[in-house]
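Right, one structure below, let's go through it.
The values are calculated or read from the model by the stated rules, or taken from the named source; none is laboratory data. These figures come from a predicted structure and were not determined experimentally. Glycine also receives a Cβ, built like all others from the backbone with ideal geometry; neighbour counts cover every protein chain displayed. What goes into the accessible areas is simple: the full protein's heavy atoms, side chains included, and nothing from ligands, DNA or RNA. Shrake-Rupley method; radii C 1.70, N 1.55, O 1.52, S 1.80 Å.
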Amino acid sequence: MCWADPLLLLPAAPYRLAAFPFAALFHHLCASGHLSLTARYVFLLTGGCLLAATAMGSYAVLLFIPAAGSVLILLSVSPAHAHTWVFTFQMSWQTLCHLGLSSQEPDPRDARPAIALSAIMLLTQKATSLSLDIHEGVVSLQLGQGLLQCALPLCSYLLFFPALLGGPLCSFSRFRARAESSGALPHQLRAAGQRCLSALALQGLRAGLAAGLAGRQGCAGLGCLPCLWAQALLLRLAYYMHWVLDEALLEVAGFGPEKGQGDLSLHDLQTLETTHRLAVFARTWNKSTSRWLRRLIFQRCPTQPLLATFAFSAWWHGLRPGHIFGFLCWAVMVEADYRIHPFLSAQATSQGMKLFYRGTTWVFTQFIIAYILMAVESESFSMLYLLWTSCNSILPLSYGLALLLLVKMPKQN
């Protein structure tokens, strides 16, 4: 299991790249004043429908049904109950899709089911974020304007093509504000170009690392720890590359995230790879999804919000054995992190001890994150069993034991 090629991540990458010219065309038409507000919404919605049909084929129906259903709910239910209905509908439909598609005999050459599931998960993010905005009074639907005028922005937001297959969560308020404005095209292209160059550099780094590891053979005992870390690093670099490309596409279309609101900035990348705190890594990893989970679950759960957040994340990802084990393990590791670091930092009184403490906990963080990532990516009980029974479980078990010993220690969030 050490040197197998990383799992194929987000197979929609070619379709993302094909969307760049249309994103630039949209922004150019908006900046030059050739598109009315209604035409902008129609352009974004039509582009999303065409992209879904091209990338997913007949599976695109699985995306269109919940999008239409959520819009109908928002237009027919009172704001006080909008979030409950949308959340229940979206997660029920998404769960049925996960169960239905996972029960089929997978064809490794057919990426359409995986693309459809990824798009449905992103749709759930947007729909529940919008329903929370309506429930909390952040967004008001002006139903007096007519059904079409009210439904068109909602449909366009849920299916607009720059964020259909990936990208950080864009709020409905920002989407509407950007759709109604005309940004400066040169600035958007410059920012997008910088992100594309970053994605190219990340891919080059990943290819170089993969080539360097290609000649290595198996491992045994504690020697599997570096193997696990290297394989997880390949996966992380693939995630980083796709996140940067997603943000570049949004930049080209004029919907780029606000500063600090994207999934991966240079500062975020530095934090992810240098932090010695598991809790900091959890908050920084896929930042827009972390903020969405915090708002949707953590801040609204009266008891055990941390455990509830990670458990819901496993549900949202599909409830495969690796998801359940990986995310619950992550919750335990973060809970242990909150107690281990106040204790260790109090013991590290000299400069040398502080450096030793930070260096050791950074190594532990790197290996535990690698363990969690490989658990989440496991596709079967057999792969998960091999991971659990290997020496790679030593560090997560040590953190779990530390949590039991320090359970009465005060937490440091």
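Rundown of residues vs (1) open to solvent by 60 Å² or more (accessible area, probe 1.4 Å); (2) within 21 Å of L293 (Cβ to Cβ); (3) modelled with pLDDT under 90, yes/no style:
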residue	(1), (2), (3)
A331	no, yes, no
A370	no, no, no
L373	no, yes, no
S380	no, no, yes
C391	no, no, yes
L404	yes, no, yes
N413	yes, yes, yes
Of the residues in the stretch 65-80, those that are without any contact (Cβ under 8 Å) to a residue 40 or more places away in the chain, open to solvent by 50 Å² or more (accessible area, probe 1.4 Å) and in a helix (DSSP H, G or I) number 3
Tally up the residues in the stretch 83-120 that are in contact with a helix residue (DSSP H, G or I) (Cβ under 9 Å, 6 or more places away or on another chain) and basic (K, R), please. 1
Do we find that G262 is open to solvent by less than 20 Å² (accessible area, probe 1.4 Å), in contact with a Lys or Arg (Cβ under 8 Å, 6 or more places away or on another chain) and touching a residue at least 24 places away in the same chain (Cβ under 8 Å) in this structure? yes
Given (1) within 30 Å of T88 (Cβ to Cβ); (2) free of Cβ contacts under 8 Å to residues at least 60 places away in the same chain, where does C329 come up short, assuming only one miss? (2)
If you scan the stretch 136-150, which residues turn out to be at pLDDT 85 or above and either open to solvent by 80 Å² or more (accessible area, probe 1.4 Å) or hydrophobic (A, V, I, L, M, F, W, C) (or both)? E136, V138, V139, C150
Suppose the filter is surrounded by 14 or more Cβ atoms within 10 Å (Cβ to Cβ), modelled with pLDDT under 90 and within 30 Å of L96 (Cβ to Cβ); does L384 pass it? yes
Taking only pairs six or more apart or across chains, which ones have beta-carbon atoms under 6 Å, a first residue in the stretch 151-176 that is modelled with pLDDT under 95, and a second residue that is in a loop (DSSP other than H, G, I, E, B) and among the small types (G, A, S)? L165/A12; P168/G262
Single condition A336 does not satisfy, out of (1) outside any loop (DSSP other than H, G, I, E, B); (2) out of contact with any Leu (no Cβ under 9 Å at 6 or more places or on another chain): (2)
Within the stretch 309-324, restricting attention to residues that are at pLDDT 95 or above and either part of a loop (DSSP other than H, G, I, E, B) or open to solvent by 30 Å² or more (accessible area, probe 1.4 Å) (or both), which residue is nearest to L406 (Cα to Cα)? A311
Quick check on E335: is it of a type in the set (D, E) and either open to solvent by less than 30 Å² (accessible area, probe 1.4 Å) or modelled with pLDDT under 90 (or both)? no
For the stretch 267-307, enumerate the residues that are part of a loop (DSSP other than H, G, I, E, B) and closer than 17 Å to L373 by Cβ. T275, R277, W285, N286
Any residue in the stretch 152-162 that is assigned to a loop (DSSP other than H, G, I, E, B), within 26 Å of Y239 (Cα to Cα) and touching a helix residue (DSSP H, G or I) at 6+ places or on another chain (Cβ under 6 Å)? yes
Over the stretch 340-357, the set of residues touching a helix residue (DSSP H, G or I) at 6+ places or on another chain (Cβ under 9 Å), surrounded by 13 or more Cβ atoms within 10 Å (Cβ to Cβ) and of a type outside the set (S, T, Y) is I340, H341, F343, L344, A348, M353, K354
Picking from L17, L35, the residue that is in a loop (DSSP other than H, G, I, E, B) and at pLDDT 85 or above would be L35
